[in-house]
Every structure is written in structure tokens, then in C-alpha cells.
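Some notes on the structure that comes next.
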Amino acid sequence: MALAFDEFGRPFIILREQEKKSRLRGLDAQKAKNIAAGKAVARILRTSLGPKGMDKMLQSPDGDVTITNDGATILEQMDVDNQIAKLMVELSRSQDYEIGDGTTGVVVMAGALLEQAEKLLERGIHPIRIAEGYELASRIAFDHLEHISHKFEFSATNIEPLVQTCMTTLSSKIVNRCKRTLAEIAVKAVLAVADLERKDVNLDLIKVEGKVGGKLEDTELVYGIIVDKDMSHPQMPKRIEDAKIAILTCPFEPPKPKTKHKVDIDTVEKFQTLREQEQKYFDEMVQKCKDVGATLVICQWGFDDEANHLLMHRNLPAVRWVGGVELELIAIATGGRIVPRFQELSPEKLGKAGIVREKSFGTTKDRMLYIEQCANSRAVTIFIRGGNKMMIEETKRSLHDALCVARNLIRNNSIVYGGGSAEISCSVAVEAAADRYPGVEQYAIRSFADALDGIPLALAENSGLSPIDTLTAVKSQQVKESNPHCGIDCNDVGTNDMKEQNVFETLIGKQQQILLATQVVKMILKIDDVISPSDY
């Protein structure tokens, strides 16, 4: 324990159990602990970058297996213990929340910046000067991206530009053999719910539902809602046209008093009366639904067998146990209102759908309810089929990325070219700008330019090309032709021009990557003392 004495001679404790705490200071803290931890995380994700990137298999403590190459998912599932490594996880998560794509690239970028910073620290340059140099360089790169970007004109009728950009995102995923189909589905789904005047997209209106079985090509876009439920009684009709839907959150059962109660029944007559009373109650409920003109009841709770039987007899199909989120989506799609009490049911609160049908899959008993041709088609469902559960989960993640890219393009339709071409172009620009800055920052700015080369290097390495030869060849070609569209030819098409290969990325996604990676690296460089609790 570290004891010290104040001016009156009274002892006080500075740090409890000082000798049990491990402590690293100065360069040791920065190099040994912080930079090493950041680089280790980046090294894990490095092999997942690009169209030829590898997948990772992660097993959770309860035995669930996830196979993915989405940076954010890998880091979320990994059990990271080191505090600096947790910063990298946060970095990937913030890229995922803000942009939705580029989660692997941002961590690889941060890892490359840390690696370069380590070399500068060994030369004796102060960490704060490195951080300032990085900040200057990130500004230059940010503005240069703006300079080399292109505006992408699209409309509700000409969606090809959006599809091409979504295909770039999907080409690095496991679903790349169906990337054209899935990209079209993603773009159509986003345009169905987009408000093009306000340039706003609410992704909550797109429901992504999956079912094991079939093949990936069977994935479809449904302009309506799919609910993983079936009719409550097997003899109810399986197809209803021009449905008027009552959406209820009240149960089909007799009211129960809130207080504890006991009913004494000592004669047959009393039992008969009680039963008749219950039946009358159910009758009134079903009659109320019929009176307002409902042809389908969707209920959040279950119903008694008695109510189910009555509904069947009165030709009123019903669906029970529908979740709250799904109810809201059905209400949005059909233009109905969610009704909490039977007394409040009225014809104007009913939702309208052109067709409600039950569809069964394969030889199993699995059935799902399709609600289509809704009054308000602003809610859509993407229905994914696949060979196994892991494939469906990974397709959901890939589609989420594609949806986010389409949304970002609607918000801001500027694009840069992919395949590492934007990074190489920024690297050349930052390198050229370095000479304008006197002082130690010049070294940091040059290191930033070298770190930007980390992404095309990783792309070339993952594609089985010789990294340094490929990068130098592309870089010299960019400088010679002053063409910022030259990138790494990962798919071996035969041309380095990404414009011809149609490899696009969103401008805001790339800018966000550079800014976020620089911020995190600055934060890590400024830590010079690591005090960790004692290990038991």
C-alpha cells in the first residue's frame, strides 16, 4: 500500500494495494500494451477484407456457431478482454451504426496507422506530435476524397447505379454468387419505403424474414408483410381476398376480476348458467368483429378453444399470438389501427389488404401468412431462403449492409471507386502535401500516407497476388495517367480501372472510415499510463 503524509503528519493512502497492481508507463505502455493490442485485432480482420476475404467461425459460450466475414459481427462476438482492443470493437460498431458498411476496412485502417505510429515512436517522436500530424493528414485525405468523388444520378425508374453499388458490397460476402438478384431486391425494398423528396429512408419498415429450406435463389421481395404464423383453426379458409383486418391487442376470453375470487358451484343449474354466460360473452365478441365488417382478425394474445370454435363457425378467420413489432408493421402496411378494447372497434379502424394467404413450405408443417397488396405499401418484407440457419443469418447481415449502402446513396449520391483505388489516390495526395508542412508533423503525415496503402495491400494479399508488386504497379499507373480509378484487380478481370469493373463505394462511407480510424488512433496514442487491477 502506498502511504503518504499530509502537512499535519496524518497518513493517507494514494493507491490501495499498490504492489498488487500492474502498471506500465511511457513508451512501454504505448508500444507493448496499446499498439500491440490494436494491431492484434486488426490482424484478425485483415484476412476478411475484400471479395476474396476469408470467413471467420465464432462459437458463443452456449454453443451457437456464427460464420461471417462482417467486421462488426466478428468483433461483437469475440470475447475481447483488453481495454484497447475494446476501443477497436467500438470503432467497428460506430461505423456499422452510422454507415452500415466498411466495418472491416475501418479496423484494418486503424491497425495500419498504429503500426506506422510505432515506428515513429521508436525514432523518439512525441506521441502528441504524431497525433497532430495524423489529424492534418486525415483532413487532406477527407478533402481529396471529395475532390475525386462522382455524383451518381438515379431515379425511381433508373435504379442501375444503385444496384451496381450494392453489388460491390455483396461481392465480398458469402452470397456473392447471387449478388445481382440480392442487390436488386435490396434496392427495390429501399426505394419502396424511401421518401425521395426528403432523402430519408426508414429501414424499420423493411422486415427481413428467413426460413430454412429452398435455395438462395428463391429469396423474394414481398410488397407486404410475412408473419410466421398460421390460421388458428385448421378448417379456416387459407386465402382471403379484399380482406378487412381487425388488429386486436385484447384477448378473446372472459374478463377475470383483478381480486382473488372463488366461485362455488353446487348445482348443475349454476354450472349451466356460468357456461351460458361465458358463451354469451364470446358470442358478443365475435359479433362485434362481424358487425364492423372484419373478414380477418389478427390478435396479439391467444384465444380459448371455445372462442376458436365460434370464430370458425361464424366464418371469421383469425390468427393468434402475433408479436407486437409485427402488429405495428401490419398496421402501417394495411393502414389499420391497433385496437386495445372490443368496445373501440369501428369500421374505419380496420386495415385493408388485397390478399391474405397461407403458404406452406416443403414437406414440413411450416406455414406462413402473406399479407399482400396492402393499402399503404410503405412496409415490405425480404424473405430469405437458404440451405441452413447459418447461411440465412449471414445473408441477413449481408442484406443489411446492402440496404444501408442504398440508403446512404439516397441521402448523398456521391461515390468513389473501390478496389483500394480511393486509398491509393489519397495516399499519393497526402504524400505530396507532406512537404508543405515544416516540423515533425511531416513525418506523421508521410506515415499516414503509408498506412493508407495498408488497405490495397491487404486486398492484394487476400486475392493471392503478390502485394508489394501489385501495389507499386497500380500506384505508378495512377500517377502516370493521373487516373484515380486504378485499383487492385481482385477478381482477375484483366483491367485495373475500377470504373470499367463497376466497383463503387459510397463517399460518406469512405470519409467516415478515415475520420473514425484517425480519432481512435489519436486516442490510443495519447495514453501513456496503464494501471490495471490485480490479477488473482
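The values are calculated or read from the model by the stated rules, or taken from the named source; none is laboratory data. Please read these numbers as outputs of a predicted model, since none were measured by experiment. Here the Cβ positions follow ideal geometry from the backbone for every residue, glycine too, while neighbour counts run over all protein chains shown. When the accessible area is computed, the model is the full protein with side chains, heavy atoms only, and any ligands, DNA or RNA have been set aside. Shrake-Rupley method; radii C 1.70, N 1.55, O 1.52, S 1.80 Å.
Counting only residues that are assigned to a loop (DSSP other than H, G, I, E, B) and either at pLDDT 85 or above or over 30 Å from PRO317 (Cβ atoms) (or both), how many does the range 239-270 have? Residues in the range 239-270 being assigned to a loop (DSSP other than H, G, I, E, B) and either at pLDDT 85 or above or over 30 Å from PRO317 (Cβ atoms) (or both): 12 in total. In a residue-by-residue description of the range 520-527, the property of being in contact (Cβ under 8 Å) with a residue 40 or more places away in the chain, more than 27 Å from the chain's Cα centre (by Cα), open to solvent by less than 30 Å² (accessible area, probe 1.4 Å) and in the same structural domain as LEU114 (by the TED database) applies to at least one position. Within the range 52-82, being open to solvent by 30 Å² or more (accessible area, probe 1.4 Å), touching a strand residue (DSSP E or B) at 6+ places or on another chain (Cβ under 8 Å) and not hydrophobic (A, V, I, L, M, F, W, C) holds for ASP55, LYS56, GLN59, GLN77.
Which members of the range 500-510 meet the condition of being surrounded by fewer than 22 Cβ atoms within 10 Å (Cβ to Cβ) and out of contact with any Ser or Thr (no Cβ under 9 Å at 6 or more places or on another chain)? Of everything in the range 500-510, just one residue is surrounded by fewer than 22 Cβ atoms within 10 Å (Cβ to Cβ) and out of contact with any Ser or Thr (no Cβ under 9 Å at 6 or more places or on another chain), namely GLU500.
Tell me which of these GLN287 doesn't satisfy, since it passes every other one: (1) open to solvent by 20 Å² or more (accessible area, probe 1.4 Å); (2) within 30 Å of ARG177 (Cβ to Cβ); (3) of a type outside the set (Ser, Thr, Tyr). With (1) open to solvent by 20 Å² or more (accessible area, probe 1.4 Å); (2) within 30 Å of ARG177 (Cβ to Cβ); (3) of a type outside the set (Ser, Thr, Tyr) applied to GLN287, the lone miss is (2).
If you check SER427, SER482, which single one turns out to be assigned by the TED database to the domain that holds LYS86, touching a Pro at 6+ places or on another chain (Cβ under 9 Å) and not acidic (Asp, Glu)? Being assigned by the TED database to the domain that holds LYS86, touching a Pro at 6+ places or on another chain (Cβ under 9 Å) and not acidic (Asp, Glu) holds for just one of SER427, SER482, which is SER427. Taking interchain pairs and intrachain pairs at least six residues apart, which have beta carbon atoms under 7 angstrom, with the first residue in the range 491-508 and closer than 16 Å to LYS52 by Cα and the second open to solvent by 70 Å² or more (accessible area, probe 1.4 Å)? As it stands, the answer is GLN501/VAL493, since those pairs meet every condition given. Only residues that are open to solvent by less than 60 Å² (accessible area, probe 1.4 Å) and on the phi > 0 side of the Ramachandran plot were counted across the range 290-336, and they come to 2. Does SER476 count as crowded, with 20+ Cβ neighbours inside 10 Å and more than 20 Å from THR104 (Cβ to Cβ)? Answer is no for this residue. Of all residues assigned to the range 87-101, at least one qualifies as being open to solvent by 30 Å² or more (accessible area, probe 1.4 Å), within 20 Å of LEU459 (Cβ to Cβ) and in contact with a Cys (Cβ under 9 Å, 6 or more places away or on another chain).
Restricting attention to the range 316-350, the residues being assigned to a loop (DSSP other than H, G, I, E, B) and of a type outside the set (S, T, N, Q) number 13. Checked against the criterion of being open to solvent by less than 20 Å² (accessible area, probe 1.4 Å) and in the same structural domain as GLN77 (by the TED database), the candidates SER447, SER466 yield just one match: SER447. Restricting the range 351-364 to residues that are over 13 Å from ASP228 (Cβ atoms) and either in contact with a Cys (Cβ under 9 Å, 6 or more places away or on another chain) or not in a loop (DSSP other than H, G, I, E, B) (or both) leaves a set whose member that is most open to solvent (accessible area, probe 1.4 Å) is LYS352. So, GLU184, is that one surrounded by 16 or more Cβ atoms within 10 Å (Cβ to Cβ) and either out of contact with any helix residue (DSSP H, G or I) (no Cβ under 9 Å at 6 or more places or on another chain) or not assigned by the TED database to the domain that holds VAL325 (or both) or not? It is true that GLU184 is surrounded by 16 or more Cβ atoms within 10 Å (Cβ to Cβ) and either out of contact with any helix residue (DSSP H, G or I) (no Cβ under 9 Å at 6 or more places or on another chain) or not assigned by the TED database to the domain that holds VAL325 (or both). Out of all the residues in the range 289-303, which are part of a helix (DSSP H, G or I) and over 23 Å from GLY324 (Cα atoms)? Within the range 289-303, LYS290, ASP291 meet the criteria.
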